Amino acid sequence: MKLFLNITDRLCKGGAYLSGLLLVGLVVLILIEIFLRYFFDTSTMIADEYSGYLYLASIFLGLAYTFLKDGHIRINIITSRLGDKTNSVIDKIAGIITLAVLFFILYRTILFTYDSYDLEMLSEAVSETPLYLTQIVMPIGITLFIFATIAFIFKGFRND
């Protein structure tokens, strides 16, 4: 179990680092677009489209790390008034429910990405980017999130 937790932690950190790099790339792309428009009255023609792709990828790749570091919003009006043992049980139940929802989301994002690949869908913008290439980060990010949730549940059982 310790091996699984270490691997999950490293994968989630890798996703977070990649997410950060993608955000830097997004900022650079927008700055290049601004520079080209201001000084040369021209455009990259892809900045709007690719900034959306980069933003989507950074969100999905950062989900798992954010979850591991307790960065997601938690509403604790009720749980703040309960004991540690009760909170632990609630966390485990919430983790299991979260897993069920995430597996459904993973299934749907895989279907969504596969349909884009199978139908050879292209973006409607100038670049005509194959959409499955931009959507593949969704199932990858959700898979990382599933690993992080399983690690969260394991830690809950280990601490009892």
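In order along segment 26-32, phi translates into HN-Hα couplings of 4, 5, 4, 4, 5, 5, 4 Hz, rounded to whole numbers, per the Karplus curve 6.51 cos²θ - 1.76 cosθ + 1.60 with θ = phi - 60° and x for Gly and Pro. The sum of -39500 (n - 2.57) across all DSSP H runs of n ≥ 4, divided by the residue count of the chain, sets its helix-only mean residue ellipticity at 222 nm to -27500 deg cm²/dmol.
Neighbours of Leu56, meaning other residues whose beta-carbon lies under 15 angstrom from its beta-carbon, give a summed charge of -2 when Lys and Arg score +1 and Asp and Glu score -1. Full extension of the chain segment joining Ile110 with Tyr38 gains 21.8 nm, where the gain is 0.36 nm per residue of separation less the Cα-Cα distance. Entry for the chain at q = 0.13 Å⁻¹: log10 I(q)/I(0) = -0.74, Debye formula applied to identical alpha-carbon scatterers, no solvent contribution. As a proxy for reagent exposure, Thr143, Thr149, Thr42 were ordered by neighbouring Cβ count within 10 angstrom, fewest first; the result is Thr42, Thr143, Thr149. Here Ser116, Ser19, Ser127 are placed in order of increasing Cβ neighbour count within 10 Å, fewest first, which gives Ser127, Ser116, Ser19. Residues whose amide H falls under 5 Å from that of Leu122, counting only those 5 or more places apart or on a different chain, are Leu131, with hydrogens built in the peptide plane.
Residue exposure proxy: Glu33, Glu128, ordered by other Cβ atoms within 10 angstrom of their Cβ from fewest to most, comes out as Glu128, Glu33. Taking every Cα-Cα distance in segment 72-128 and sorting them into 5 Å bins starting at zero, the pair-distance distribution P(r) comes out as 4, 14, 14, 14, 10, 9, 9, 8, 7, 6, 4, 1 percent.
Every read-out reported here was derived from the displayed coordinates using simple, explicitly stated rules and does not represent laboratory data. In this text the structure is predicted, and so the values were computed from the model without any measurement. Don't worry about glycine lacking a Cβ; one is built from the backbone with ideal geometry, like all the others, and counts go over all protein chains shown.
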